[in-house]
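The values are calculated or read from the model by the stated rules, or taken from the named source; none is laboratory data. No experiment lies behind these values; they were computed from the predicted model shown. As a convention, Cβ positions derive from the backbone with ideal geometry for all residues, glycine included, and neighbour counts pool all protein chains shown. The protein model used for the area step is the full one, side chains on, heavy atoms only, and it has no ligands, DNA or RNA in it. Shrake-Rupley method; radii C 1.70, N 1.55, O 1.52, S 1.80 Å.
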Amino acid sequence: MCAPERIEFSHGELLRFITAGSVDDGKSTLIGRLLHDSKSIFEDQLTAVERSSRRRGLPALDLSLLTDGLQAEREQGITIDVAYRYFATPRRKFIIADTPGHEQYTRNMVTGASTANLAIILVDARRGVLTQSRRHAYLASLVGIPHLVVAVNKMDLVGYSQEVFDRIRAEFGAFAQGLDLRNVIYVPISALHGDMVVERGDNLPWYPGSPLLEILETIEIDHDINLDDFRFPVQWVCRPGTPEHHDFRGYMGRIESGSIRAGDQVTVLPSGRSTRVAEIATHDGPLGEAFAPQSVTLLLQDHIDISRGDMIVKGGDSPRFAREFAAMVCWLSEQPLDPRRKYLVKHTTRTVKAILSQPGFRVDINTLARDTGAQTLGMNDIGELRVRVPQPLVVDRYADNRATGSFIVIDETSNNTVAAGMIL
Amino acid sequence: MELAAAQELNSRIPPAPDFALKCPVPVEAPPAHGLSHLEALESESIHILREVAAECRTPALLFSGGKDSIVLLRLAEKAFRPGKFPFPLLHIDTGHNFPEVIAFRDHRAQQLGERLVVRSVEDSIREGKVVLSSPTQSRNAFQSVTLLDAIAEFGFDACIGGARRDEEKARAKERIFSFRDEFGQWDPKNQRPELWDLYNTRVRPGENIRVFPISNWTELDVWQYIAREGLEIPSIYYAHRREVIRRNGQLVPLTDLTPPRAGERVETASVRFRTVGDLTCTCPVESTAATVPDIIAETAATRITERGATRMDDQTSEASMELRKKEGYF
Ligand SMILES: Nc1nc2c(ncn2[C@@H]2O[C@H](COP(=O)(O)OP(=O)(O)O)[C@@H](O)[C@H]2O)c(=O)[nH]1
């Protein structure tokens with residue numbers, strides 16, 4: 001039993017992304033290509049894919065089989081919502097939330113997108129911008145994904161034509177203007193042949209930008225988190241009560257946004273009491289400054305009664321106290337919304353009973369039209385409604401803060417997660 | 001050296017062309033406020049551990065003495081010190097463990113001053129709850145029975161495990177908070193959606209959740225973290241000389257339970273273990289790695305998955321992990 005020396009690694013950041021596309025746009029081929037060309041696929045996995053390719057009578061190695069599913073899925077011809085895949089380059093580590101393109105699309109994409117920094121929307125160069133592409137872009141904007149990459153795929157089938165690419169870019173751009181999308185990048189690729197995925201290839205000399213992988217490696221993501229407003233939902237109160245830590249009282253949690261320094265003045269909500277940060281403690285010793293998304297322990301100068309579910313904010317910041325608020329929700333359950341029922345809402349580290357109103361409107365995600373006549377929301381529906389809770393929650397607008405503006409709805413009877421909410 | 005190793009992994013990717021000037025994406029120096037990928041993963045795992053502790057009534061942390069659960073214990077220290085862990089450690093002992101690993105398990109639990117509960121498959125066999133077809137049969141799959149008994153005995157409503165999504169394709173589709181019915185079964189088609197970092201931990205009495213705080217870590221991340229934290233690991237993870245038998249492209253360690261078959265030759269090789277499970281079905285790989293950086297270098301360069309190289313039981317069927325999970329396996 002030997003303990004090795006402590007070794008520090010200097011490593012790139014973590015980027016989480018999601019891939020969206022209609023069936024057959026080439027999503028599996030693209031993921032297979034990224035994994036394959038970044039050498040993240042192991043020989044035994046390749047052998048398994050070769051075996052399946054042969055069994056299915058395919059002439060060549062079908063990279064899309066790499067993301068092939070479970071036995072339960074194969075038997076029933078269904079695809080289970082989200083699979084997570086990993087690869088790394090010297091610059092960054094990547095987590096792909098791979099969501100299947102069919103029926104439960106909205107639910108799956110919203111789930112995968114909720115933690116993503118970036119979405120790749122695939123467009124088939126031959127078919128151009130379809131209803132589905134618009135739907136994907138809308139969902140990306142709804143969930144507040146900071147970066148969108150529109151990958152125009154199958155360029156080989158349109159003779160690698162710049163005209164086709166430019167036309168699709170213009171069409172998508174016109175539509176995207178109406179959405180709240182911060183950063184949209186367009187890239188022409190052939191997932192099948194590899195052009196402009198990891199390497200440039202020789203077929204797209206007119207494209208001035210970077211290959212897709214380089215975009216993923218270099219896109220700036222540290223501003224994806226709100227760096228201004230300090231939000232610290234208390235997860236756990238640590239009071240060891242041991243002789244050597246007799247007076248220790250630490251408030252443990254993750255900084256969801258912003259940053260904090262030892263000595264800063266803070267306010268505890270909902271009580272509204274103020275004090276100062278005495279120490280930012282970690283197992284590796286105290287920190288002078290800490291920032292999102294670090295998990296830390298705050299020691300405060302004064303004894304204030306604080307428990308899980310409270311939120312610590314910095315001096316002047318003022319989030320909203322709300323007993324009632326409007327939200328966009330995506331309904332995830334087969335059981336439709338029932339305004340007569342009691343639900344639970346989990347918001348940061350606080351779970352409370354809640355009543356949901358009838359939808360103010362339901363969004364037709366194909367036309368983006370608002371249907372104000374909707375009585376309820378069913379699975380995969382997106383709509384606006386009002387949430388009422390007995391004790392006030394400390395909330396931000398989702399547009400300002402993904403962490404303190406989001407909530408999930410739990411059905412008290414089935415214990416299922418039935419909706420995802422974004423506070424307006 | 002360790003950086004070189006990580007870079008070696010990717011050296012086969014052709015260098016990106018120099019397109020910075022025309023690149024539509026701003027390329028900037030690394031920000032002062034960014035976390036490295038290991039720091040980001042660590043923070044996510046600590047957050048998950050604290051959520052389990054706060055929301056579940058009687059959780060337990062599964063500790064086997066293997067590298068993934070060693071990492072879990074360090075993360076638990078980061079999450080709860082200077083307090084004690086708000087859960088006991090639980091080991092489901094197959095009785096087919098490498099002695100070095102069991103010694104390490106006890107040593108580590110004692111060093112941490114945390115309570116270790118051991119329940120053994122041997123007892124389940126004695127009580128007739130597990131019937132083996134042969135005494136040397138792999139007991140990996142039978143851990144489920146003993147685990148479910150332990151869950152019932154202590155009323156555990158959450159079991160924290162060290163499984164990772166990169167291990168296997170059933171895992172790739174499993175949630176971080178993975179709900180199990182009262183028979184301990186996983187239903188892949190009926191999983192709760194998991195959004196943001198808002199985990200639904202609600203269960204009825206008798207039901208249970210398995211929680212996997214290092215879901216998003218890869219084998220390489222685990223080794224890098226072991227190096228960064230200077231964590232002790234059982235000696236059999238390092239290269240050592242061992243008597244082995246070559247069988248179906250794998251190295252089978254020679255033990256009382258795994259004797260040579262007719263016509264097989266026993267040889268001595270320099271090997272290390274990538275996983276340390278049930279010794280009737282865990283194979284070492286050839287290696288000269290004497291230090292953690294050496295292991296990282298080998299891990300970065302390896303072309304075979306952890307399970308592909310080391311597990312006799314997962315190869316037989318593409319779906320075997322999925323089946324075991326449905327039956328209540330970790
Ligand atoms: N010619 C061409 N075919 C492609 C390309 N990308 C994918 N395909 C093919 O399109 C079909 C559907 O691809 P697949 O990856 O399974 O699509 P998914 O349904 O979006 O996952 C397959 O036959 C692929 O080989 C491409 O860039 N060029």
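Summary of computed values
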{"read-out": "Any hit, segment B:141-161, residues being without any contact (Cβ under 8 Å) to a residue 60 or more places away in the chain and within 12 Å of chain A (Cβ to nearest Cβ)", "value": "no"}
{"read-out": "Residue check, A:VAL149 outside the structural domain of A:ASN366 (by TED's automatic domain parsing), within 15 Å of the ligand (Cβ to nearest atom) and either open to solvent by less than 40 Å² (accessible area, probe 1.4 Å) or assigned to a loop (DSSP other than H, G, I, E, B) (or both)", "value": "no"}
{"read-out": "Checking B:ALA172 against (1) in contact with a helix residue (DSSP H, G or I) (Cβ under 7 Å, 6 or more places away or on another chain); (2) more than 14 Å from chain A (Cβ to nearest Cβ), the condition it does not meet", "value": "(2)"}
{"read-out": "Pair list, Cβ < 6 Å and 6+ apart or interchain, from segment A:192-209 residues that are in contact (Cβ under 8 Å) with a residue 60 or more places away in the chain to residues that are more than 9 Å from the ligand (Cβ to nearest atom)", "value": "A:VAL197/A:LEU212; A:VAL198/A:ASP37; A:VAL198/A:LEU213; A:GLU199/B:PRO14"}
{"read-out": "Complete set of residues in segment B:203-226 that are without any contact (Cβ under 8 Å) to a residue 40 or more places away in the chain and at the interface with chain A (Cβ under 9 Å from one of its Cβ atoms)", "value": "B:ARG204"}
{"read-out": "Which listed residue, of A:ALA176, A:ALA140, is closer than 30 Å to B:GLU39 by Cβ, at pLDDT below 95 and more than 13 Å from chain B (Cβ to nearest Cβ)", "value": "A:ALA140"}
{"read-out": "Those residues of segment A:397-417 which are more than 9 Å from chain B (Cβ to nearest Cβ) and either crowded, with 22+ Cβ neighbours inside 10 Å or closer than 10 Å to A:MET328 by Cβ (or both), in sequence order", "value": "A:TYR398, A:ASN401, A:THR404, A:GLY405, A:VAL409"}
{"read-out": "Hits in segment B:223-238 (condition: among the aliphatic types (A, V, I, L, M), surrounded by fewer than 23 Cβ atoms within 10 Å (Cβ to Cβ) and within 14 Å of B:PHE273 (Cβ to Cβ))", "value": "B:ILE236"}
{"read-out": "Residue count for segment A:16-34, restricted to those that are open to solvent by 20 Å² or more (accessible area, probe 1.4 Å) and away from the ligand (no atom under 12 Å from the Cβ)", "value": "1"}
{"read-out": "Yes/no for A:ILE221 being surrounded by fewer than 21 Cβ atoms within 10 Å (Cβ to Cβ) and either in a helix (DSSP H, G or I) or among the β-branched types (Val, Ile, Thr) (or both)", "value": "yes"}
{"read-out": "Pairs, first closer than 19 Å to B:TYR238 by Cα in segment B:252-272, second among the hydrophobic types (A, V, I, L, M, F, W, C) and open to solvent by 40 Å² or more (accessible area, probe 1.4 Å), C-beta under 7 Å, six or more apart", "value": "B:LEU254/B:VAL266"}
{"read-out": "Only one of B:LYS84, B:LYS129 that is away from chain A (no Cβ under 13 Å) and basic (Lys, Arg)", "value": "B:LYS129"}
{"read-out": "Of residues in segment A:195-210 being open to solvent by 30 Å² or more (accessible area, probe 1.4 Å) and facing another protein chain (nearest Cβ under 10 Å), the one farthest from the ligand (Cβ to nearest atom)", "value": "A:PRO208"}
{"read-out": "Some residue of segment A:268-275 being open to solvent by less than 20 Å² (accessible area, probe 1.4 Å) and within 13 Å of chain B (Cβ to nearest Cβ)", "value": "no"}
{"read-out": "Residue check, A:GLU334 within 13 Å of chain B (Cβ to nearest Cβ) and open to solvent by 20 Å² or more (accessible area, probe 1.4 Å)", "value": "yes"}
{"read-out": "Matching option when the condition is touching a Phe, Trp or Tyr at 6+ places or on another chain (Cβ under 8 Å), basic (Lys, Arg) and not assigned by TED's automatic domain parsing to the domain that holds A:PRO90, among A:ARG239, A:ARG261", "value": "A:ARG239"}
{"read-out": "Residue that is buried (at least 21 other Cβ atoms within 10 Å of the Cβ), hydroxyl-bearing (Ser, Thr, Tyr) and farther than 19 Å from B:ILE214 by Cβ, where the choices are B:THR258, B:THR268, B:THR282, B:THR291", "value": "B:THR282"}
{"read-out": "Residues of segment A:122-146 satisfying the condition of being within 13 Å of the ligand (Cβ to nearest atom) and touching a Gly at 6+ places or on another chain (Cβ under 9 Å)", "value": "A:LEU122, A:VAL123, A:ASP124, A:GLN132, A:SER133, A:HIS136"}
{"read-out": "Candidates A:LEU179, A:LEU192, filtered to the one that is under 24 Å from A:MET109 (Cα atoms), within 12 Å of the ligand (Cβ to nearest atom) and surrounded by fewer than 23 Cβ atoms within 10 Å (Cβ to Cβ)", "value": "A:LEU192"}
{"read-out": "Those strands (runs of 3 or more DSSP E) lying entirely in segment B:129-220 with at least 1 residues open to solvent by 10 Å² or more (accessible area, probe 1.4 Å) and of a type in the set (Phe, Trp, Tyr)", "value": "B:177-180"}
